[in-house]
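Encoded as structure tokens, the structure appears first; notes follow it.
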Amino acid sequence: MKTKRARVTAKLDGRDLAPLARVYYEFNQLKNLYRQGWLRGGVAEEQCETVAEHSLGVAVLAMLVADAWFPNLDPLKLLRMALLHDFGEIHAGDIIPHEMALEEKQARERESLDRVFAHLPNGADYLALWEEFERGESAEARLIKEIDRLEMGLQASVYELNGAEGLDKFFASADRALATAELRELLDNVVGLRAVAGGRPAENQAAAD
């Protein structure tokens with residue numbers, strides 16, 4: 001699995017670290033871990049976002065979306081879920097869904113979370129929040145699941161604006177995942193920027209022609 005650099009926690013074995021510091025070093029792996037689907041889709045490593053960058057994008061969208069349209073939802077829960085939703089990838093890696101059975105993927109990510117949050121006395125609370133997200137048990141969890149896919153669609157547009165091609169499947173995947181009208185409107189707005197031919201933004205298409 002491609003990363004920017006070696007895992008820093010490998011250099012910390014045997015050292016006496018405060019639990020919070022150790023969890024931060026564990027989290028740092030998400031700042032190194034490329035989103036593997038983009039690499040498989042042809043995005044160059046120098047342009048490819050990391051998992052942590054994606055998580056930040058989800059958190060920003062969650063804040064904006066909640067303030068704009070869903071004041072009845074718990075904003076702190078939304079932000080915590082957004083920041084935690086990919087913590088399972090710290091040790092499991094960024095598994096491309098169709099390459100592994102969902103049950104195995106979830107088991108690996110749960111094991112990863114157990115390892116990370118075992119350092120914290122309140123680790124069970126973080127794990128419970130992640131499980132709530134995974135199961136879609138609350139309105140906040142279901143919204144973050146959709147925002148997770150919306151962020152992917154918006155990031156695909158960013159890559160296209162920077163010249164990437166062949167990303168239609170990412171837009172299609174985001175489109176299939178969105179049921180909330182306000183989020184669909186956002187995605188439709190972005191998709192409307194794309195050229196009809198070639199799946200590229202109109203500006204890039206015109207330049208290419």
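The values are calculated or read from the model by the stated rules, or taken from the named source; none is laboratory data. As the structure is a prediction and not an experimental result, all values here were calculated from the model. Glycine also receives a Cβ, built like all others from the backbone with ideal geometry; neighbour counts cover every protein chain displayed.
Once the stretch 93-107 is narrowed to residues that are crowded, with 16+ Cβ neighbours inside 10 Å and part of a loop (DSSP other than H, G, I, E, B), the residue that is nearest to the chain's Cα centre (by Cα) is 94.
Identify the residue in the stretch 172-209 that is at pLDDT below 60 and in a loop (DSSP other than H, G, I, E, B) and, among all such residues, is farthest from residue 61 (Cα to Cα). Lay out the reasoning, then the answer.
Restricting attention to the stretch 172-209, the residues satisfying the condition of being at pLDDT below 60 are 195-209.
Those still in the list that are in a loop (DSSP other than H, G, I, E, B) too: 195-200, 209.
On the way: 195: 25, 196: 27, 197: 29, 198: 28, 199: 24, 200: 24, 209: 34 Å.
Step by step, filter the stretch 172-209, then rank; the result is 209.
Residues satisfying the criterion are present in the stretch 154-166 (criterion: without any contact (Cβ under 8 Å) to a residue 60 or more places away in the chain and under 21 Å from residue 30 (Cα atoms)).
Let's see how each residue does on (1) among the acidic types (Asp, Glu); (2) over 19 Å from residue 142 (Cβ atoms); (3) outside any helix (DSSP H, G or I):
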{"residue": "42", "(1), (2), (3)": "no, yes, yes"}
{"residue": "55", "(1), (2), (3)": "no, no, no"}
{"residue": "65", "(1), (2), (3)": "no, no, no"}
{"residue": "77", "(1), (2), (3)": "no, no, no"}
{"residue": "82", "(1), (2), (3)": "no, no, no"}
{"residue": "91", "(1), (2), (3)": "no, yes, no"}
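Looking at 29, 47, can you tell me which residue is of a type in the set (S, T, N, Q), modelled with pLDDT of 95 or more and outside any helix (DSSP H, G or I)? Can you show your working first?
Details: 29 fails: outside any helix (DSSP H, G or I).
That would be 47, the only listed residue that is of a type in the set (S, T, N, Q), modelled with pLDDT of 95 or more and outside any helix (DSSP H, G or I).
Test residue 154 against the criterion of being among the hydrophobic types (A, V, I, L, M, F, W, C), outside any loop (DSSP other than H, G, I, E, B), surrounded by 21 or more Cβ atoms within 10 Å (Cβ to Cβ) and modelled with pLDDT of 95 or more, and give yes or no. Considered against the rule, which asks whether it is among the hydrophobic types (A, V, I, L, M, F, W, C), outside any loop (DSSP other than H, G, I, E, B), surrounded by 21 or more Cβ atoms within 10 Å (Cβ to Cβ) and modelled with pLDDT of 95 or more, residue 154 comes out as no. When the residues of the stretch 121-151 are filtered to those that are surrounded by fewer than 16 Cβ atoms within 10 Å (Cβ to Cβ) and in contact (Cβ under 8 Å) with a residue 40 or more places away in the chain, the one that is nearest to residue 87 (Cα to Cα) is 121.
For the stretch 108-118, state whether one or more residues are under 26 Å from residue 154 (Cα atoms) and surrounded by 15 or more Cβ atoms within 10 Å (Cβ to Cβ).
Pass one, the stretch 108-118, residues under 26 Å from residue 154 (Cα atoms): 109.
Next, only the ones that are surrounded by 15 or more Cβ atoms within 10 Å (Cβ to Cβ) stay: 109.
So far as the stretch 108-118 goes, yes, one or more of its residues are under 26 Å from residue 154 (Cα atoms) and surrounded by 15 or more Cβ atoms within 10 Å (Cβ to Cβ).
Scanning the stretch 160-197 for residues that are among the acidic types (Asp, Glu) and closer than 27 Å to residue 45 by Cα, which turns out surrounded by the most Cβ atoms within 10 Å (Cβ to Cβ)? Here the answer is 160.
Can you tell me which of 84, 73 is farther than 20 Å from residue 152 by Cα, among the hydrophobic types (A, V, I, L, M, F, W, C), surrounded by 14 or more Cβ atoms within 10 Å (Cβ to Cβ) and in contact with a helix residue (DSSP H, G or I) (Cβ under 9 Å, 6 or more places away or on another chain)? Working first, answer last.
Working: 84 fails: farther than 20 Å from residue 152 by Cα.
Only one candidate qualifies: 73.
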